[in-house]
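See structure below.
Only the coordinates and a few stated rules stand behind these numbers; no lab work does. Owing to the predicted nature of the structure, the values given are computational and were not obtained by experimental measurement. Cβ atoms come from the backbone with ideal geometry, glycine included; neighbour counts cover every protein chain shown.
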Amino acid sequence: MIIPIPQDPLEDMIRTLNLEDADGSRATEDIFTGPSQWMPHGRVFGGQVLAQSLVAAERTIDGDRAPHSLHGYFLRPGDINQPITFSVDRLRDGRSFSTRRVQAFQSGQPIFSMIASFQDSDIGIEHQETFPVGIPNPETLPSAASLMGENPHPVAQYWAKARPFDMRHVGSPIYFSVDPKQQVPHQAVWIKALGELPNDPALHRAALAYASDYSILESIYRAHGIAWTHPGLKSASLDHAMWFHRQPKVDEWMLYVQESPSAQGGRGLALGKIFSHDGKLIATVAQEGMVRVPEFGQEPA
C-alpha cells in the first residue's frame with residue numbers, strides 16, 4: 001500500500017492518532033495499533049509515533065490524570081507503509097501519579113520506546129519563564145506554504161501541503177538557506193493547527209507532542225549555516241523529552257522558542273519552550289539529534 005499526500009493534513013493527523021484496540025490485551029499489557037502518515041522520504045515522522053505512544057499510554061489511565069512528562073528514544077526508522085503496534089505496560093498507579101511504558105513495533109522490531117508519567121490535578125507553588133519580548137504577531141509573517149510557491153520537490157510539497165500545522169518563523173526560515181545575520185543557535189517559530197480540533201484535552205496534548213518534533217533541531221543547523229537542503233546533510237532524532245506545564249489549545253497560535261546549548265560528536269542538543277499566545281508557558285521540550293554533514297568527514301548513519 002502506497003500512502004498518498006493527504007488532502008486534509010489536519011484530519012489525517014486526527015485519524016492517525018485514533019488508535020485501535022488490538023486483540024490479546026492482558027491485565028498488565030495493553031495493545032493498540034495505528035497507521036502512519038505520508039512522508040516524502042518514506043520514514044515515519046518522529047512526532048507522529050511520539051504522539052501515538054502518548055495516546056496509547058493515556059488510553060490506560062483511569063480518571064482525569066494528565067501527562068506531566070514523557071521521555072522517549074527513537075530506535076529504528078519506521079516505514080509509513082506498515083501499521084504500528086503499541087504495547088503499554090502499566091508500571092505503577094499510585095495515589096497521585098501513574099507511570100506507563102510504551103513500546104512501538106513494526107515487523108516485530110521496536111522502533112520507539114517511551115516512559116510517561118501522569119498526575120492528578122493539584123495546586124501548589126507557581127512560577128514560569130516570561131514570554132520573550134519583541135516577537136511579531138504570526139499574522140505578519142509568511143507561512144511555509146507561501147514560501148514554497150510551486151516548488152515540485154517532494155520535501156517542499158510536504159512543507160507546503162502535508163503538515164497539519166501552520167509554521168511561521170520569526171526571522172528567516174532555513175528551508176533553503178541561512179541568513180548569515182541570523183546564523184545563531186536559537187530561533188522562534190509560531191505554530192498552530194490548520195483548523196479547529198475537537199474539544200478533547202487529550203487530543204490537544206497529543207497534537208502538541210506531535211508538533212513538538214517540528215523544527216526543534218533547526219537551532220543546531222542554524223548555528224552552523226546549515227539549511228534543510230544542505231548537500232549531504234543526514235539528521236535524525238535520537239531521543240525526545242517533554243514536560244507539560246499547562247493544558248494546550250493547539251488550534252490557537254503558540255510560540256515555540258528553541259535553542260541549542262551544544263553540538264559535538266555528530267550530535268546536537270536542542271531545547272524548546274512552547275508558550276500560548278497570551279504568554280503562558282505550556283510545555284518544555286528537549287531533544288538530541290544526530291547531525292552529520294560531509295564537510296566534517298561524516299558518513300551517513
Using unit Cβ charges (K, R positive; D, E negative) and no other charged atoms, how large, in debye to the nearest 20, is the dipole of region 160-301 about its Cα centre? 100 debye
Convert each backbone phi in region 172-181 into a coupling constant with the Karplus relation 6.51 cos²θ - 1.76 cosθ + 1.60 (shift: θ = phi - 60°), then list the ³J(HN,Hα) values in order as whole Hz, x for Gly and Pro. 7, x, 10, 4, 10, 7, 10, 5, x, 6
Compactness check, the chain: C-alpha Rg relative to the 2.2 N^0.38 Å globular estimate gives 0.98
To the nearest 20 debye, what is the magnitude of the charge dipole of the chain about its Cα centre, counting +1 on the Cβ of each Lys and Arg and -1 on the Cβ of each Asp and Glu? 620 debye
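Can you work out D for region 51-162 in µm² s⁻¹ from Stokes-Einstein, where Rh is the Kirkwood radius over C-alpha pairs, the temperature is 4 °C and the viscosity is 1.567 mPa s?
Working: Rh = 17.7 Å.
The calculation lands on 73 µm²/s.
Go through LYS234/LYS273; LYS192/LYS273; LYS181/LYS280; LYS249/LYS280 and tell me which ones have a Cα-Cα distance over 23 Å in this structure. Walk me through the intermediate numbers first.
Working: LYS234/LYS273 25 Å; LYS192/LYS273 15 Å; LYS181/LYS280 30 Å; LYS249/LYS280 11 Å.
Too far apart for the 23 Å limit: LYS234/LYS273; LYS181/LYS280.
Let me check I've understood the local charge: for VAL49, count other residues with C-beta under 12 angstrom from its C-beta, Lys and Arg +1, Asp and Glu -1. What total comes out? Can you show the working numbers first?
Values: positive: ARG43, ARG76; negative: ASP79, ASP213.
Within the 12 Å Cβ shell, the charges total 0.
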Helix-only mean residue ellipticity at 222 nm, the chain, DSSP H runs n ≥ 4 weighted -39,500 (n - 2.57), per residue, nearest 500. What is it? -4500 deg cm²/dmol
Taking the Cα centre of region 63-146 as the origin and placing charges on Cβ (Lys, Arg +1; Asp, Glu -1), which of ALA145, GLN82, HIS68 is farthest toward the positive end of the dipole? GLN82
Phi-based couplings in Hz for region 74-87 (Karplus 6.51, -1.76, 1.60; Gly and Pro marked x): 8, 9, 9, x, x, 9, 5, 8, 10, x, 10, 9, 10, 10
Positive-pole candidate from THR229, ALA283, ALA160, dipole of the chain, charges at beta carbon: THR229
How large is ³J(HN,Hα), in whole Hz, for each residue of region 224-234 in order, when computed from phi with the Karplus curve 6.51 cos²θ - 1.76 cosθ + 1.60 and θ = phi - 60°, using x for Gly and Pro? 10, x, 9, 8, 4, 8, 4, x, x, 4, 10
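Looking at region 40-118, which trypsin sites (Lys or Arg not before Pro) are DSSP coil and have at most 14 other C-beta atoms within 10 Å of their C-beta? Don't jump to the answer; show the numbers that get you there.
Numbers: sites: ARG43, ARG59, ARG65, ARG90, ARG92, ARG95, ARG100, ARG101; in loops: ARG59, ARG65, ARG95.
Passing both the DSSP loop test and the Cβ count: ARG95.
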